1. Quick one: grab the alpha carbon gyration tensor of region 68-197, order the square roots of its eigenvalues as a ≥ b ≥ c, and give me rounded if a/c is under 1.5, else prolate or oblate depending on whether a/b is larger than b/c.
2. What number, in percent, do you get for the relative contact order of region 201-305 if the mean sequence gap of Cα pairs under 8 Å and at least 6 apart is divided by its residue count?
3. Can you give me the long-range amide H partners of Phe204? Hydrogens built in the peptide plane at 1.01 Å from N, cutoff under 5 Å, separation of 5 or more residues or another chain.
4. Which part of region 137-181 falls in the paramagnetic zone of Glu93, meaning amide N under 18 Å from the point 7 Å along Cα-to-beta-carbon?
5. Would you mind working out the accessible area per residue for region 193-286, using a 1.4 Å probe, and quoting it in Å²?
6. Testing the spin-label approximation: label points 7 Å from Cα along Cα→Cβ at Ser171 and Glu111. State their distance in nm.
7. Label Asn197 and Gln349 with points 7 Å out from Cα along Cα→Cβ: what is the distance between them in nm?
8. Projected onto the charge dipole of region 150-274 (+1 at Lys/Arg Cβ, -1 at Asp/Glu Cβ, origin at the Cα centre), which of Val223, Phe240, Met179 gives the Cα projection farthest towards the positive end?
Amino acid sequence: MPRVQNIVALLLVAGGFWYFYGETFNQAGIQGVVEEVRADITEIKENPEVISAINRVSNDIQQLFQRLIQNLPEKEEENQQVVEPPKLEAPSEQSYSVYNIEIGDTRERVEQQVGTAKRSSLNEYGVEWVTYHENYQNFIMVSYDNQDRVAGLYTNQDLLTTTMGISFASSREDVLAEMDDPLTSIQKGFVSYQVQNNEEYDIFRIDQNYVTAFYDKHEENTVTAIQIISEELENQRENFFAVPSEELKEGFEYQLFDLTNAARVTHGLSVLNWEEPVRGTARDHSQDMADNNYFSHTNLNGQSPFDRMTEDNITYQMAGENLATGQISSVFAHEGLMNSLGHRENILQTDFEGLGVGVAFSSESRPYYTENFLTK
């Protein structure tokens with residue numbers, strides 16, 4: 001049918017052309033037609049009325065375009081507002097502090113310092129990570145014991161002060177030179193768990209706390225995050241993997257989302273939106289991997305991440321997926337992803353706008369993490 005329409009259109013054009021220039025063609029041939037067409041075009045171009053009409057149309061189009069631009073909703077600039085960093089002071093009771101907060105401080109003092117909490121979600125220690133930030137700037141997570149005193153601290157932003165000369169500008173070599181030897185194992189009851197020796201992090205026992213320094217392999221092995229867990233809180237985690245629950249699953253998901261945005265802000269990027277439908281797709285893939293004991297972006301039916309999102313009626317212009325498994329927590333999963341170049345590129349992709357995170361646990365309590373990024 002389109003071919004017939006094209007033929008009809010060509011015949012109409014040819015008929016019109018012959019109507020205006022057929023006589024000239026019979027008298028002077030093709031050269032005469034060319035000359036007459038040139039003369040007609042010149043006459044049209046030099047006609048004052050034609051020129052005036054073209055100018056009016058051009059001005060009308062420009063005015064319409066300006067009105068359309070003015071009526072477009074302004075892009076939110078919330079992510080562009082820079083929040084002043086706090087004035088950091090040396091710790092007074094402990095060797096380390098985060099945002100001037102130390103293990104043992106009261107919740108009241110914390111919230112006088114950093115404001116109200118943005119989110120609370122269950123972590124692997126059976127307590128909550130409580131997040132504080134201003135649009136993911138000055139980002140910290142705090143855990144409290146049953147007396148509302150600080151038992152855990154984490155940040156991946158430059159909010160650390162120590163009595164040991166360690167900062168986010170310190171390299172792993174600097175840290176090891178200032179500290180005692182890192183732990184090679186952590187005792188849990190009658191079981192000793194080996195600490196992974198991949199040079200991406202070190203765990204130290206300081207002030208009856210477990211201090212984990214994470215390093216950025218892509219930034220000359222400098223400190224990129226710090227986690228401080230009190231000995232009492234660490235002892236509450238009886239096994240290597242936490243006991244799975246719906247609350248822990250959701251906690252790991254929201255924590256990975258927050259950690260991702262805090263990392264993006266540190267690198268001058270916009271904050272991602274939480275995508276609830278995408279969480280469903282991510283959860284399904286994590287559960288499939290956990291149930292069927294595999295680890296791959298391609299599932300056992302041969303579907304890619306893009307196939308799975310399309311099947312779930314999720315539309316996008318661009319998308320990406322990060323996977324992790326075996327890490328004891330959202331923090332360790334995130335820091336591992338940041339040290340893996342391809343995963344890091346997804347986390348720090350300028351053009352991504354949204355993120356859904358899905359977590360599942362195997363029958364052995366091993367967590368599987370899936371992050372699906374997209375731009376609609």
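The values are calculated or read from the model by the stated rules, or taken from the named source; none is laboratory data. Remember, it's a predicted structure, so these values are computed and weren't measured experimentally. Neighbour counts run over all protein chains shown; Cβ positions are idealised from the backbone, glycine included. Protein only, heavy atoms only, side chains kept; ligands, DNA and RNA dropped before computing areas. Shrake-Rupley method; radii C 1.70, N 1.55, O 1.52, S 1.80 Å.
1. Numbers: a/c = 1.88, a/b = 1.66, b/c = 1.13.
The shape class here is prolate.
2. Details: 66 pairs, mean separation 12.0, N = 105.
Across region 201-305, relative contact order equals 11 percent.
3. HN-HN under 5 Å from Phe204: Leu183, Val211, Thr212, Ala213.
4. Only 142-154, 161-163 pass the distance filter.
5. About 43 Å² of surface per residue is accessible.
6. About 4.4 nm, to one decimal.
7. Simple spin-label model gives 3.7 nm for this pair.
8. Phe240
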